[in-house]
Amino acid sequence: MVKHSRIYALIFQSLFIIPLAHANQWDWVPRESLPADQQAQLGRYCRGSYIDQWKSPNSQDTNLKADLIYRDKEGVVHLNGAAEIIQPNSTLQADKIEGVPDKYYKTDGNVVLRQKSQMIRGSSGYLSSTDDSPTEFVDAKFVSLDTGARGAAKSLLRSKNGIIFIHQGYYTTCEPTEESWQLYGTAIELNPSEGFGTAENVQIRIHDVPVFYFPWLRFPLNNARQTGFLFPSFGLSGSKGLSVSAPFYWNIAPNYDATITPNYVQQEGAGFDLELRHLGKYGQTTYEQSTFDDNAEGEQTLRKLKTDQQLNKYFSTGLLLEDNPTEDKFPDTNTTSLGEQDNYERSGYLSFNNGNFSSTAKVRRYQTPDPSNDKPFDWLPRLDASYRYATDLIDYSIEGQYTDFYDPDENDFDGQRTVANQDIKLNLSNAWGSFTPGILLQNRQYSIHKYTTNSDYDTSLNHVSTYFDSSATFERSILNNDKTWRQTLTPKLSFLNSPYEDQSLIPDFDASTPVLNYSQAFSHERLSGNDRVGDTQQFTLGIESRLYDENNNERWAFKLGQIQYLKDRFVSVSGTTSSNTPIADSSTSPLLASVTYTGSDRFSLTANANYDIGDGNSTLTQVIVKLKPVDEVKIDLSYLYTIDNEDSDDDANQTNIGTIFPLNQNWSMFLQHTYDFMGNRTTKEVAGLGYENCCLKVSASYQRWLNDDSVFENGFFLQFSLRSLSSVGAKDNSTSSIADDYWNKGKTGY
């Protein structure tokens, strides 16, 4: 067995003898010298890896080596010339070593201390075996092969418990071939067991250029949560001037933490953000607050409390409290999840779910900061329940809902609504097709109070709709580059008969008209919400074709359909309904088309179009294309045209193009241009540069955009991530752009 083990060891060693021959004094091996499997594990921009060459000796004794070894009359051992002390857990090398074994050693010239995954080099050093004397090196450099952390110091001390003290030196996690960032300090302490470091008189240097100064800094050495200041964010805007945020993270307890972020904006004012988090036995609770003292508007505050608790297998509960106590004002500068809203929700719920049956009780109210805005209906409360029973043949579902609506303005109407929806259908299908007839029963009961006349009335609606869905599937195999793909062709026919019912007395609490597209054409309800049952008698014709690759992954999907109306429609979301006044009398819908392509990292496509054959106009054209023509080049194209929406603000006719492309191995450029054809103007422009290597990512961009008030803003935004340390920078929070795609939260690549 020993013989065979030696043979295996020789074979294993031969696999690595060539790459290890290229390792330098820090056990660093370039990418091209690593085995293929280790190259595959490297990050895209990393140029190599540390390969630890230190091996523990077989002997448990201390061995001395040198050109000359002698002991003087005081008992001091002297090792001169290629001196080396080999111990079970470490080795010490130097030109000269002297000392008393098991007490201390003094070293001079080319000092190297090695142990598993660690190495320290210096011009001279002192190593003590006593508990109260640390190991000390002069003009030292060190590296941790496991984490990639390294540094240098005029004086370096390492205590018995592994804490490293750096006097006038730096710390970095960059590769030895890169000096992208370094943390310089007059005094740096690294505590691996605690997982953090501290530094005094700190400079953050990017390629030897100081970019930040801190009197004191605490920073992480691993992914463990640690109390301390995080890196600040900053931005420069033409309208706001310089902006700076300096977050402080407080690790209160294993299940509590807080982040406090002071904010300063040169032309506007100052404030702070707060986030408190608690992770309990049943769920998580978060409290957020953003307060800003604006020079022109005074105090601006947003607050949010959110908790979701899973009490047991069946019951869950939650609470959401949003608040804006500063009337019709909100802080633009904030890092919380809460932004400007017309209405801020206050709600609580209790839910039960055991699979087929579920129910929820919820109370919801709103705070509306602007008193001129209409306030939404409150739910005092809403009760929901649903049950489903399904077999291979029958599918039955029932949904019940009770809502007590309250109008906080008390200027129109409110009341109680009870809803019961039942849907029963038969599933008749085989391998090539399906036929599904069904009945939809909708019942509504209302008790309404009208504030305009100070009167009450009751009304109800009982409605029966019938429908069927049918389809047939045809399939064939096709060859694509000598690979067998599969194509399906599926004609679809759907019928819906929803008779007209007078609904003039029924108010509108939550009714809406859904966007008409291919999927909506096969719905069994023409209108959304529980306050209107849309009348129609229609057939929907559709045809779908899908292409599946050799691994049965869907690549292409083509869909085309149209609704054939047999009757005029009389029920609309708002206004009175009359059987004498149709709100739509067309006999057909527009042609509804959809095309998607997925499954390739080079190309993806999503396209939807509605085309009215009668008047030759398109009411909807949407195209989204993502291209990657060559490695590391990304192009996003989109076009949106939609008109005749219920709200004219939703009409749009605009195009957008964004691209990211490399200039060389590390540098990339990104551009974006958005144009609005309705306003005949450019609404967004972005131009930026990005740089990335194994330990640093930087992006700088100029952006100009149209804000919600139709006013143009512009700014310069800089972000960079010091990997294994922190992220720095600021971006425009009001609008997304191609800069966000490149940045990708600082992750490697985009």
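Applying the criterion of being touching an Asp or Glu at 6+ places or on another chain (Cβ under 8 Å) and in contact (Cβ under 8 Å) with a residue 60 or more places away in the chain to the residues of the range 367-414, the residue that is nearest to F315 (Cα to Cα) is Q401.
Of all residues in the range 378-412, those being in a loop (DSSP other than H, G, I, E, B) and either in contact with a Leu (Cβ under 9 Å, 6 or more places away or on another chain) or more than 30 Å from T436 (Cα to Cα) (or both) number 7. Might you check whether a residue that is among the small types (G, A, S), assigned to a strand (DSSP E or B) and within 20 Å of F330 (Cβ to Cβ) occurs anywhere in the range 273-289? Scanning the range 273-289 turns up no residue that is among the small types (G, A, S), assigned to a strand (DSSP E or B) and within 20 Å of F330 (Cβ to Cβ).
Only one residue in T642, T659, T619 is over 24 Å from P590 (Cβ atoms), among the hydroxyl-bearing types (S, T, Y) and touching an Asp or Glu at 6+ places or on another chain (Cβ under 8 Å). Which one?
T659
Taking the range 27-118 and the strands (runs of 3 or more DSSP E) fully enclosed by it, the elements with 2 or more residues that are closer than 24 Å to P192 by Cβ and hydrophobic (A, V, I, L, M, F, W, C) are at 28-30, 104-115.
If I go through the range 174-203 residue by residue, how many of them are among the small types (G, A, S) and touching a residue at least 40 places away in the same chain (Cβ under 8 Å)? Step through it out loud before you land on a result.
Of all residues in the range 174-203, those among the small types (G, A, S) come to 180, 185, 187, 193, 195, 197, 199.
Then keep just the ones that are touching a residue at least 40 places away in the same chain (Cβ under 8 Å); that gives 180.
Residues meeting the conditions: 1.
Filtering the range 421-448 to residues that are over 14 Å from S494 (Cβ atoms) and of a type in the set (D, E, K, R) leaves D423, R444. State whether the residues of the range 664-683 include one that is of a type in the set (G, A, S) and farther than 23 Å from R602 by Cα. Looking through the range 664-683, at least one residue is of a type in the set (G, A, S) and farther than 23 Å from R602 by Cα.
In the list L127, L157, which residue meets the criterion of being modelled with pLDDT of 85 or more, touching a Pro at 6+ places or on another chain (Cβ under 7 Å) and more than 28 Å from C46 (Cβ to Cβ)?
Only one candidate qualifies: L157.
Restricting attention to the range 656-683, and to residues there that are free of Cβ contacts under 8 Å to residues at least 60 places away in the same chain, farther than 15 Å from S736 by Cα and under 26 Å from the mean Cα position of the chain (by Cα), which single residue is most open to solvent (accessible area, probe 1.4 Å)? Within the range 656-683, the match that is most open to solvent (accessible area, probe 1.4 Å) is W667. Restricted to the range 260-284, and to residues there that are in contact (Cβ under 8 Å) with a residue 24 or more places away in the chain and surrounded by 17 or more Cβ atoms within 10 Å (Cβ to Cβ), the residue that is nearest to the chain's Cα centre (by Cα) is E275. Among the residues of the range 486-508, those identified as of a type outside the set (A, V, I, L, M) and touching a Phe, Trp or Tyr at 6+ places or on another chain (Cβ under 6 Å) are R486, S494, F495, Y500, P507. For the range 365-377, indicate whether the set of residues that are at pLDDT below 95 and part of a strand (DSSP E or B) is non-empty. The answer is yes; a qualifying residue exists. For the range 404-459, a residue qualifies if it is closer than 24 Å to T368 by Cβ and small (G, A, S), and exactly one does: G415.
Restricting attention to the range 142-187, the residues that are over 34 Å from the mean Cα position of the chain (by Cα), within 15 Å of P220 (Cα to Cα) and assigned to a strand (DSSP E or B) add up to 1.
For L489, the conditions (1) within 42 Å of the chain's Cα centre (by Cα); (2) open to solvent by 50 Å² or more (accessible area, probe 1.4 Å); (3) within 30 Å of T642 (Cβ to Cβ); (4) touching a residue at least 60 places away in the same chain (Cβ under 8 Å) all hold with the exception of (4). Elements of the type strands (runs of 3 or more DSSP E) sitting completely within the range 461-552 and holding at least 3 residues that are at pLDDT 95 or above and among the hydroxyl-bearing types (S, T, Y): these cover 483-498, 536-548. In the set (1) of a type in the set (G, A, S); (2) within 22 Å of G235 (Cβ to Cβ); (3) surrounded by fewer than 16 Cβ atoms within 10 Å (Cβ to Cβ), the condition left unmet by A700 is number (3). Only one of the listed residues (T307, T326, T333) is farther than 28 Å from D508 by Cβ, in contact with a Gly (Cβ under 8 Å, 6 or more places away or on another chain) and either in a strand (DSSP E or B) or among the small types (G, A, S) (or both). That residue is T307.
The listed residues are G348, G415, and the only one of them that is open to solvent by less than 80 Å² (accessible area, probe 1.4 Å), closer than 30 Å to Q300 by Cα and in a strand (DSSP E or B) turns out to be G348.
The number of residues in the range 628-650 being open to solvent by 50 Å² or more (accessible area, probe 1.4 Å) and under 18 Å from S737 (Cβ atoms) comes to 3.
Scanning the range 578-618 for residues that are of a type in the set (V, I, T) and over 39 Å from the mean Cα position of the chain (by Cα) yields T581, I583, T588, I613.
Out of D549, D535, I need the residue that is acidic (D, E), over 30 Å from R382 (Cα atoms) and in contact with a Phe, Trp or Tyr (Cβ under 6 Å, 6 or more places away or on another chain). Which one?
D549
With the requirement that a residue be hydroxyl-bearing (S, T, Y) and either surrounded by 16 or more Cβ atoms within 10 Å (Cβ to Cβ) or closer than 28 Å to T459 by Cα (or both), what does the range 510-544 give you?
Across the range 510-544, the qualifying residues are S512, T513, Y518, S523, S528, T536, T540.
Only residues that are open to solvent by 30 Å² or more (accessible area, probe 1.4 Å), out of contact with any Phe, Trp or Tyr (no Cβ under 8 Å at 6 or more places or on another chain) and of a type outside the set (S, T, Y): list them for the range 180-200, please. Matches in the range 180-200: P192, E194. Does G43 meet the test of being open to solvent by less than 50 Å² (accessible area, probe 1.4 Å), at pLDDT 90 or above and of a type outside the set (D, E, K, R)? Spelling it out, it is not the case that G43 is open to solvent by less than 50 Å² (accessible area, probe 1.4 Å), at pLDDT 90 or above and of a type outside the set (D, E, K, R).
Return yes or no: is D585 surrounded by 15 or more Cβ atoms within 10 Å (Cβ to Cβ), closer than 30 Å to R444 by Cα and acidic (D, E)? No; evaluated as a whole, the condition is false for this residue.
The values are calculated or read from the model by the stated rules, or taken from the named source; none is laboratory data. Here the structure is a predicted model, which is why all the values come from computation and not from measurement. Neighbour counts are summed over all protein chains in view; Cβ atoms, including those assigned to glycine, are modelled from backbone coordinates with ideal geometry. Areas reflect the complete protein model, heavy atoms only, side chains present, ligands, DNA and RNA absent. Shrake-Rupley method; radii C 1.70, N 1.55, O 1.52, S 1.80 Å.
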